[in-house]
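Laboratory data are not the source of any read-out in this text; all were calculated from the coordinates shown. Everything numeric in this text was worked out from a predicted model, so none of it was measured. Cβ atoms come from the backbone with ideal geometry, glycine included; neighbour counts cover every protein chain shown.
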């Protein structure tokens, strides 16, 4: 029984390879107008006909999804903050059932916009920052409960609520979402969601008990040389991504170990940084991607936060033994992050290649996560701040990395979530002027593009601010959930 469009074999492959749709994500988001088994049978019967037209066949048997770039038309001169308040409704989706790849959710939610017609995991935390400013606390609650539903259903939060995203998650911001909700309600929120926090933690730590000297990595955990355990990204699957099928097939054309390449591409999608030279083994060689061999500093900071959040929740329950267990785990992770990711000669945080047993050399904004989660010592924070000013600070804010590869998570692009992490990290250590300068530059480029186009974008060119951001497997998207959220949060901070 065919259960998803991406299991349609030759039909699926031909639609993607022949570019029936400009964006490979479109077809896997389509709704079939008949049973897939029937559609597959009709395709087999008709495909060899002399007048067979694949595009016409697809349009006959599938309903094409509309882009969520929204029907909303910006009113010229409308203040940007007012624009966001109007846009929340346009980006809201109600619970829905259907025969598409969409995984139904029980509560309303905010989508990013553009081609992104579903909820995305880590995007949603930064969207919630703006919802908090807009006092849409009920929507924050709805989104937290949707993610809780997904953890209950699958044991983790998928990349997004699509069946083709199953097998991977995204940067684990669920604990941060719970903390944000607790700010609006009470600390009892930590207790309420503790079982789900633990369930997500078990997903990330799956296989830890199997690690030994002969088996240094299982799923998302890796055994470090000193016996500590840190995490990396992974995906259960080692096949081309359905939503980027053609791109993956073409990249793998001259690669011997195609399955390994596909898994590493998928793991990079789990990181949210899809794609970046950060994951390359060789400079400017996309096929050298080895995400699953890399201990990312940001991922492990997020898991440190998850451990601390669970420790706090158990403390509220007066369960001291469980609280101490997770607090000890957090302390050990903090020590391991500083041991393996801090480079004392270069005075900066780097990812760590646990297979080669050496640090990566990509200088990226991931290094600001230890500041955001208060893992860095004061001296380390000072050094990171200097590097930001010297290497990543530009007219539009902070660029993501120091190299230009054509990938969207490299220079010259800046992204809202990383601006927020860096700015708040700097504030944590008293670098308020630098933080304010970055925030103002970022908000200025947001405003400039909005005034010129009436749109908020997914990413921005922060180096040459009169040019659009580029790179990646799709055109730059507008909407845009996390950009709106971060702008509102920064706007509020500057006003205060």
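Which percent of Cα pairs goes in each bin when the distances of region 181-221 are cut into 5 angstrom slices starting at zero?
Spelled out bin by bin, region 181-221 gives 6, 21, 18, 13, 11, 10, 9, 7, 3, 1 percent.
Can you tell me the length gained on complete extension of the stretch residue 377 to residue 92, counting 0.36 nm per residue apart and subtracting the Cα distance?
Separation in residues times 0.36 nm, less the Cα-Cα distance, equals 98.5 nm.
As a footprinting exposure proxy, order 493, 269 by other Cβ within 10 Å, with the fewest listed first.
On the way: 493 16, 269 23.
If I rank by nearby Cβ atoms, fewest first, I get 493, 269.
Compute and list, largest first, the equivalent-ellipsoid semi-axes of the chain from the alpha carbon gyration tensor, each √(5λ) rounded to a whole angstrom.
For the chain, the semi-axes come out at 35, 27, 24 Å.
Calculate, for residue 332 and residue 75, the FRET efficiency according to 1/(1 + (r/R0)^6) with r their C-beta to C-beta distance and R0 45 Å; round to the nearest 0.05.
Once the sixth-power term is evaluated, E becomes 0.25.
Taking the chain as the reference, fit the longest principal axis to its C-alpha atoms, fit the long axis of helix 80-90 to the helix C-alpha atoms, and give the angle between the two in degrees, 0 to 90, nearest 10.
That helix lies at roughly 50 degrees to the long axis.
Bin by bin, in steps of 10 Å, what percent of the Cα pairs in region 234-363 do you find, going until the bin that has the longest distance?
12, 34, 27, 19, 7, 1
Using Cβ counts within 10 Å as a stand-in for footprinting exposure, how do 209, 118 rank, fewest first? Spell out each step's value before the answer.
On the way: 209 9, 118 21.
The order, fewest Cβ neighbours first, is 209, 118.
Taking 7 Å along the Cα-to-C-beta vector as the label spot, tell me the residue 256-residue 60 distance in nanometres, rounded to one decimal.
4.6 nm
For a paramagnetic label modelled at 7 Å from the Cα of residue 452 toward its Cβ, which residues of region 412-428 fall within the zone defined by backbone nitrogen distances under 19 Å?
Residues 412-416 qualify, since their backbone N sits under 19 Å from the label point.
Once the Cα atoms of region 342-426 are picked out, what are the Rg and Dmax in Å?
Answer for region 342-426, Rg first and Dmax second: 12.5, 38 Å.
Per residue Cα convex hull volume for region 367-496, in cubic angstrom?
100 Å³
Between residue 216 and residue 284, what is the FRET efficiency for a Förster distance of 30 Å, r being their Cβ-Cβ separation, to the nearest 0.05?
Here the calculated transfer efficiency is 0.60.
Quote the convex hull volume per residue of region 5-63, based on C-alpha atoms, as a whole number of Å³. Can you show the working numbers first?
Numbers: hull volume 4.4 nm³, N = 59.
Cα convex hull per residue, to the nearest whole number: 74 Å³.
On the first, second and third principal axes, largest extent first, how far apart are the outermost C-alpha atoms of region 1-154 in Å?
If we take the Cα atoms of region 1-154, the spans are 59, 43, 21 Å.
As I understand it, the value is the acute angle between the Cα axis of helix 432-453 and the longest principal axis of the Cα atoms of the chain; what does it come to in degrees, rounded to 10?
Computed tilt is about 20 degrees.
What angle do you read, to the nearest 10 degrees and between 0 and 90, between the alpha-carbon axis of helix 416-428 and the longest principal axis of the chain?
10 degrees
Which order, highest average first, do 158-164, 296-302, 323-329 follow once you tally other Cβ atoms within 10 Å for each residue and take the mean per peptide?
Descending packing order for the listed peptides: 296-302, 158-164, 323-329.
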